[in-house]
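Visitor: Submitted below is the structure of interest, expressed as structure tokens.
The values are calculated or read from the model by the stated rules, or taken from the named source; none is laboratory data. All values derive from a computational prediction rather than experimental measurement. Note that we place each Cβ from the backbone using ideal geometry, even for glycine, and neighbour counts take in every protein chain shown. To get the accessible areas, we keep the full protein, side chains included, count just its heavy atoms, and leave off ligands, DNA and RNA. Shrake-Rupley method; radii C 1.70, N 1.55, O 1.52, S 1.80 Å.
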Amino acid sequence: MALKPEPTAPFHSVQYALRVLESVSKHGNGVTDAQISRETGLPTGHLASLLLTLRREGYVEQVSDGAYVIGASLLLLGSGAARRQALEDRLQLTLSELRDSVGAAVYLSRYVDGEVSVTQVADGPLTPAVNEWVDFRSSAHASAVGKCLLAQLDHDGRRDHISRHRTARLTSRTITDETILFSQLDAQSATVPVLDLQEYAVGTVCAAVPLTAGSAAGCLALSLPIEDAHRLRSAAETLSRRAAPVLLSLAL
């Protein structure tokens with residue numbers, strides 16, 4: 001004869017877990033265990049073991065500052081607009097952590113329907129984003145983002161893009177000759193960051209690394225003011241090493 005489940009502690013534990021998940025979900029940028037305790041009324045001793053279980057199962061994650069954010073297992077349970085928003089919030093948090101790590105504004109970009117699209121940016125008072133004085137869709141030949149995306153296209157794809165967006169001279173360093181541009185793109189190694197040394201805007205240097213999620217071309221980039229140009233290569237190397245969590249967030 002099958003045993004009947006006890007309707008006491010297990011159900012209370014599930015209720016507690018749900019309250020904790022609700023608390024974590026409300027705070028897209030992370031929430032401390034002390035705040036979770038205040039919001040749920042759970043004592044810290046009980047909460048600690050519950051958070052450990054939720055972390056082990058992937059329903060919450062603990063970020064670098066000790067705060068808790070929703071985990072991949074919880075994201076996968078969602079659907080529709082709520083799931084998309086949760087994924088975007090998670091990705092934005094990852095980009096913000098990367099921004100702080102490299103000390104530069106960070107950009108996530110994709111090549112969508114034949115156009116360069118900067119989908120998310122993580123900047124701040126000490127890491128300002130580049131001034132988009134020319135639409136990024138029209139300046140792929142000059143920006144690190146654009147060149148990194150074009151490098152992932154085949155020759156016909158590049159020709160199609162250039163036929164729709166003239167290679168205008170934006171600064172004295174901008175490459176406007178199609179043959180030279182394509183030659184540089186062909187020589188670009190996928191393991192080496194693409195650099196923009198004041199080709200898009202005077203006073204700004206940038207770097208980009210490819211992010212390939214499925215068949216779509218994508219990239220992760222950073223920008224620095226010219227006075228920090230000496231940090232560009234080391235920051236770009238860090239960007240390349242830290243690209244995996246961003247790619248994981250995109251794949252979820």
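Visitor: Name every residue in the stretch 156-212 that is at pLDDT 95 or above, open to solvent by 20 Å² or more (accessible area, probe 1.4 Å) and hydroxyl-bearing (Ser, Thr, Tyr), in order of residue number.
Guide: Correct list: Ser163, Thr167, Ser172, Thr176, Thr179, Ser183, Thr204.
Conditions tested, residue by residue: (1) farther than 18 Å from Val205 by Cα; (2) among the β-branched types (Val, Ile, Thr); (3) assigned to a helix (DSSP H, G or I).
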residue	(1), (2), (3)
Gln85	yes, no, yes
Leu95	yes, no, yes
Leu108	no, no, no
Leu170	no, no, no
Thr174	no, yes, no
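Visitor: Only one residue in Arg137, Arg164, Arg173 is touching a residue at least 40 places away in the same chain (Cβ under 8 Å) and either touching an Asp or Glu at 6+ places or on another chain (Cβ under 7 Å) or under 17 Å from Ser117 (Cβ atoms) (or both), so which one is that? I'd like the intermediate steps shown before the answer.
Guide: On the way: Arg137 fails: touching a residue at least 40 places away in the same chain (Cβ under 8 Å); Arg173 fails: touching a residue at least 40 places away in the same chain (Cβ under 8 Å).
Just one listed residue meets the conditions, Arg164.
Visitor: Moving on to the next point. Look at Thr119 and say whether it is polar (S, T, N, Q), at pLDDT 85 or above, closer than 30 Å to Ala207 by Cβ and in contact with a Leu (Cβ under 6 Å, 6 or more places away or on another chain). Can you show your working first?
Guide: Working: polar (S, T, N, Q): yes; at pLDDT 85 or above: yes; closer than 30 Å to Ala207 by Cβ: yes; in contact with a Leu (Cβ under 6 Å, 6 or more places away or on another chain): yes.
Yes.
Visitor: State whether one or more residues within the stretch 60-72 are among the hydrophobic types (A, V, I, L, M, F, W, C) and closer than 27 Å to Arg173 by Cα.
Guide: Among the residues of the stretch 60-72, not one is among the hydrophobic types (A, V, I, L, M, F, W, C) and closer than 27 Å to Arg173 by Cα, which makes the answer no.
Visitor: If Ala129 meets every condition in (1) of a type in the set (Gly, Ala, Ser); (2) more than 15 Å from the chain's Cα centre (by Cα); (3) in a loop (DSSP other than H, G, I, E, B) apart from one, which number is that one?
Guide: Unmet condition: (2).
Visitor: Also: Keeping to the stretch 111-128, report how many residues are more than 12 Å from Gly218 (Cα to Cα), open to solvent by less than 50 Å² (accessible area, probe 1.4 Å) and among the hydrophobic types (A, V, I, L, M, F, W, C).
Guide: 1
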